[in-house]
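Notes follow once the structure below has been shown.
Each value in this text was obtained by applying a stated rule to the coordinates, not by laboratory testing. Fair warning: this is a prediction, and the values are worked out from it, not measured in the lab. Neighbour counts are summed over all protein chains in view; Cβ atoms, including those assigned to glycine, are modelled from backbone coordinates with ideal geometry.
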Amino acid sequence: MNRVATLAVAFVVTLAAVLGGAAAVGFATADGAAPAPEIQNDHFLDDDLVVDDDPGQATVEMDASAASQTVLVDPGVEAGGPGPALPISLLGLGGGGVDDRDIRPLANALIENGHEVGVYVPDPDQRRPPARPGADRPTQLGERLAEADAFVTFRTDYEPEQLDEIESFVESGGHVVLATEPDAAYSQPGAASLDATLDVTTRPGYVYNMDENDLNYQRVYAEATGDSVLTEGVDRAVFPSATPVGTAVGGSEVLRPIEGSELSTTREATEAPLLVRNDEVVMIGDGDFLSPENARRADNDALIGNLADFLVTNDRTPPGAGGSTGPTPPGGEQPPTNSTAA
């Protein structure tokens, strides 16, 4: 046998051995594709984990019969930094910049019920107006808050002057919804000053649930701790990525994670609240639940409607004003209840 024949025989024998071994261990099949491995993790197989992968359309309804209010939203855009070309980007009507602050369900509900929604984006070139003798000059945020009745913010890192203006806003009856994220403590360390101003707190880490969740373990369910105007019609809410929050003495816990939830920093079970209220202030351990896709999950649409009612049901009396921007139109009929689909 010459050298070429010897090499040919050796190649055939080697190929047969490889294919035979592959067939034995399941690496090759008759159609040339390997069979899918059997998943052994129960939390990927449990049907309870994916409750509804096509939840349909959300309907955000408002019940509060309030005169027209102005709700100011601060998405946390830095002055001179990359932000939306127009404030309507926040409402999903413009180009990017604040995609993670898409609050169309809340904004649409407010607008369709006769309220105004303003977006605060600081202008680095804008100068403060000259102050009257003996009077402090307001910041850009302070100017906008003076014209507002309610305020929505995402735990922005505010300057001391701005914190004083926010505190005065709350003391004059303005309502505030403050949403935070698990990583806010690291990306915005100064935001803790805002927590102190509003008498609320947050804890490091995120809440997860491997036993029962919505689509994945970080999308946790939360249930009401009792009857509240914020939980009317809310059996369960879904928070895509939530961190525990709290209030000072006198505040109330509104929503807690369901049984089986744990905290990432301790790996231990937790019942720490994910939504709390402290008089004129509501703090939520997640902001993504406000987006259109998440408004359709569980009872998030009802929760968003309740938050809209909370914002406009205030007794805001701007400093120096003689009257009150109350929740009921004086001497007029109650506006009809409207709804909007997210």
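Let me test this: with uniform point scatterers at the alpha carbons of the stretch 211-298, what is the Debye-based log₁₀ I(q)/I(0) at q = 0.15, 0.20, 0.25 1/Å? For the stretch 211-298, the Cα-only Debye profile gives -0.52, -0.94, -1.40. Most tightly packed first, judged by the mean number of other beta-carbon atoms within 10 Å of their residues, the peptides 62-71, 301-310 read 301-310, 62-71. Packing around the peptides 269-275, 241-247, 226-232, 284-290, taken as the average count of other Cβ atoms within 10 Å per residue, puts them in this order, highest first: 284-290, 241-247, 269-275, 226-232. Roughly how many whole Å is it from the C-alpha centroid of the stretch 155-185 to that of the stretch 235-309? First find each Cα centre; the distance between them is then 18 Å.
For the peptides 214-223, 256-265, the ranking by packing is 214-223, 256-265, with the highest mean count of neighbouring Cβ atoms within 10 Å listed first.
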